[in-house]
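Trainee: Quick one: structure below, then a few questions.
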Amino acid sequence: MISVEEALARLKSQSRVLVDEQKIKLDEGLGRVLASDIVSGINVPPADNSAMDGYALRWEDWRGSDHALKISQRIAAGTPPAPLTAGTAARIFTGAEIPDGADVVVMQEKCRADGQSVLIEVVRDVGANIRPKGQDIRQGATVLQAGHRLRAQDLGLIASLGIARINVRRRLRVAVVSTGEELVEPGDIAGPGQIYNSNRYLLKAMLGEWGFDVVDLGVTADDPDVISEVLTQASREADAIVTTGGVSVGEEDHVKAVVESLGRIDLWRVAIKPGKPFAFGDVLGTPFLGLPGNPVSAFVTVLVIARPFLFDSQGVEHHEILPVKQHALFDKKGSPRQEYLRVRSGTGGVEIFPQQSSGVLFSTCWGDGMVVQKAGENITHGDLVDVIPYVMFN
């Protein structure tokens, strides 16, 4: 077995961007990966504007709270102002452009107006309540870099620059293949010795949530010829292949041998718990990631090992995850492998699900993250431990 760190390093060394570029509409950009930098062609805001409703004036024209200033114009947001006449004030509203000649805005709560003139209680320093031109973004600034995975706020930012179409990476196509004669689909009747196929739906949802296009090739029989045919099809239709089951050492575990016949296995068996039988290689030149069949093992290995490789293949930059420190509300002896313990955040720290078996998928739903327990490390109640909340993986 190799360590988790070595496995990640080896996959990293063999990763490359597997997708080309395409231009899309901005409102189709959520979750997509930028293929080129977003550079602002304008200043945001494009001109000095008012931070609040009030009155704009020249600082030097204020003579005290008993000296009235004539109201010379009314400026609403979106209305081009006229230059401010000396010795007057302009009624102005939030977001409206500051007229030439004005250098301060006084909030309306500090003013008394009769429609023709205004008395101003106090005037702060020059520039008060004025948002300067380019305060948010300067023209020519790079606001988002290639490789960034777009969030809702990023789309809003791009829209504020007037950009309607963006250059992104094509979605990575990931083929999902389940193996196992014992698997039946939800809605069918499970006979003796059969179980429902949870991995298929788990992986399709996770891969879709990460922004990939899923090529669902269903369930294959435990037959080398059938598996070979399906994996060959996957290599033609997808950029990467993810399988569950068939990579361990049982007599019916044929996937590893079939992959070796069609390509190669570069890595097999990782010192991770759960998930030891994880395999990596290629099928006819298409990257192959073989996950264990036990549902929690598949869940952990796709998060910890497969995800970084797939994000690299999509061209995502800066997707590394840094655990957060929390206090353990449990005791746990270490093992020879690095463990990923399903936990739930609570008052004062994290509690552990009592059953950490690789077959207990409920443990992933009960909790909200995983504690990383290093190989040979004992955890005692009260220790600070590394916790990865599930939300970090998205």
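Trainee: Taking the Cα-to-Cβ direction at Y390 and at E229 and moving 7 Å from each Cα, how far apart do the two end points lie in nm?
Mentor: Going from the Y390 label point to the E229 one covers 3.7 nm.
Trainee: Shape verdict for segment 49-131, please, from the Cα gyration tensor: rounded (a/c under 1.5), prolate (a/b greater than b/c) or oblate.
Mentor: It comes out rounded by the Cα gyration axes.
Trainee: Remind me, relative contact order of the chain in percent, using alpha carbon pairs under 8 angstrom and six or more residues apart?
Mentor: In percent, rounded to a whole number, it is 16.
Trainee: Going by alpha carbons, how many degrees (0 to 90, nearest 10) lie between the helix axis of 4-14 and the longest principal axis of the chain?
Mentor: With both axes taken from Cα atoms, the answer is about 80 degrees.
Trainee: Follow-up question, since we're still on this one. Counting only C-alpha contacts under 8 Å and six or more residues apart, can you give the relative contact order of segment 1-108 as a whole percent?
Mentor: Relative CO of segment 1-108 lands at 29 percent.
Trainee: Also: Between W59 and H318, what is 0.36 nm times their sequence separation minus the Cα-Cα distance? Round to one decimal in nm.
Mentor: Between W59 and H318, full extension yields 88.5 nm more.
Trainee: With each run of n ≥ 4 DSSP H residues scored as -39500 (n - 2.57), what mean residue ellipticity at 222 nm is computed for the chain after dividing by its residue count and rounding to the nearest 500 deg cm²/dmol?
Mentor: It lands at -5500 deg cm²/dmol.
Trainee: Please report T244, T380 as a ranked list, fewest other C-beta atoms within 10 angstrom at the top and most at the bottom. Provide the component values of the computation, followed by the final result.
Mentor: Working: T244 30, T380 11.
If I rank by nearby Cβ atoms, fewest first, I get T380, T244.
Trainee: If I fit a long axis through the Cα atoms of helix 198-209 and take the longest principal axis of the Cα atoms of the chain, what angle between them do I get, 0 to 90°, rounded to 10?
Mentor: 30 degrees
Trainee: What's the magnitude of the charge dipole for segment 49-131 around its Cα centre, counting Lys and Arg as +1 and Asp and Glu as -1 at the beta-carbon? Answer in Debye, nearest 20.
Mentor: Value, rounded to 20: 120 debye.
Trainee: Based only on other Cβ atoms within 10 Å, what is the fewest-to-most ordering of Y340, Y201?
Mentor: With the sparsest Cβ surroundings first, the list reads Y201, Y340.
Trainee: List residues of segment 117-146, by number, whose backbone nitrogen lies under 18 Å from a label position 7 Å along Cα→C-beta of I42.
Mentor: 131-144
Trainee: For percent of Cα pairs over 39 Å apart, pick the label among (i) 22; (ii) 28; (iii) 41 that corresponds to the value derived from the coordinates.
Mentor: (iii)
Trainee: Give the shape of segment 324-393 as rounded, prolate or oblate, defined through the alpha-carbon gyration tensor: a ≥ b ≥ c are the square roots of its eigenvalues, a/c under 1.5 means rounded, and otherwise the shape is prolate if a/b is larger than b/c and oblate if not.
Mentor: Details: a/c = 1.43, a/b = 1.07, b/c = 1.34.
It is rounded, given that a/c, with a ≥ b ≥ c, falls under 1.5.
Trainee: How much length is gained on full extension from E237 to A159, taking 0.36 nm per residue of separation minus their Cα-Cα distance?
Mentor: On the way: separation 78, 0.36 × 78 = 28.08 nm, distance 3.45 nm.
Stretched fully, the E237-A159 segment lengthens by 24.6 nm.
Trainee: Just report the Cα centroid separation between segment 86-140 and segment 268-330, whole Å.
Mentor: When both Cα centres are located, 56 Å separates them.
Trainee: Another question, then. With +1 on each Lys and Arg Cβ and -1 on each Asp and Glu Cβ, how big is the dipole of the chain about its Cα centre, in debye rounded to the nearest 20?
Mentor: 960 debye
Trainee: Let me ask another. What are the lysines whose alpha-carbon lies under 27 Å from the alpha-carbon of K333, with same-chain residues fewer than 8 places away excluded?
Mentor: Cα-Cα hits under 27 Å: K273, K276, K325, K374.
Trainee: Starting from the Cα gyration tensor of segment 169-226, take the square roots of the eigenvalues, sort them a ≥ b ≥ c, and report rounded, prolate or oblate (rounded when a/c is under 1.5, otherwise prolate if a/b is larger than b/c, else oblate). Please list the in-between numbers first.
Mentor: On the way: a/c = 3.83, a/b = 1.77, b/c = 2.16.
Oblate, since a/c reaches 1.5 and b/c is not below a/b.
Trainee: For the pair H67 and D213, what calculated FRET efficiency results from E = 1/(1 + (r/R0)^6), where r is the Cβ-Cβ distance and R0 = 45 Å, to the nearest 0.05?
Mentor: Computed FRET efficiency for D213 and H67: 0.10.
Trainee: Cβ neighbours within 10 Å, averaged per peptide: list 132-142, 91-101 in order, most packed at the top.
Mentor: Taking the mean over residues of other Cβ atoms within 10 Å, the ranking is 91-101, 132-142.
Trainee: If each of Q135 and M1 carries a label point 7 Å out from its Cα toward its Cβ, how far apart are those two points in nm?
Mentor: Output for this residue pair reads 5.7 nm.
Trainee: In whole angstrom, note down how far apart the Cα centers of segment 1-62 and segment 154-198 are.
Mentor: The two parts, judged by their Cα centres, are 25 Å apart.
Trainee: Say each of I24 and I189 gets a label point 7 Å from the Cα, pointing the same way as Cα to Cβ; how far apart are those two points in nm?
Mentor: Here the modelled spin labels are 4.4 nm apart.
Readers should treat all values here as calculations from the given coordinates under stated rules, not as data from a laboratory. Small disclaimer: the values here were computed from a predicted structure and weren't measured. Cβ sites come from the backbone with ideal geometry, for glycine too, and all protein chains shown count toward neighbours.
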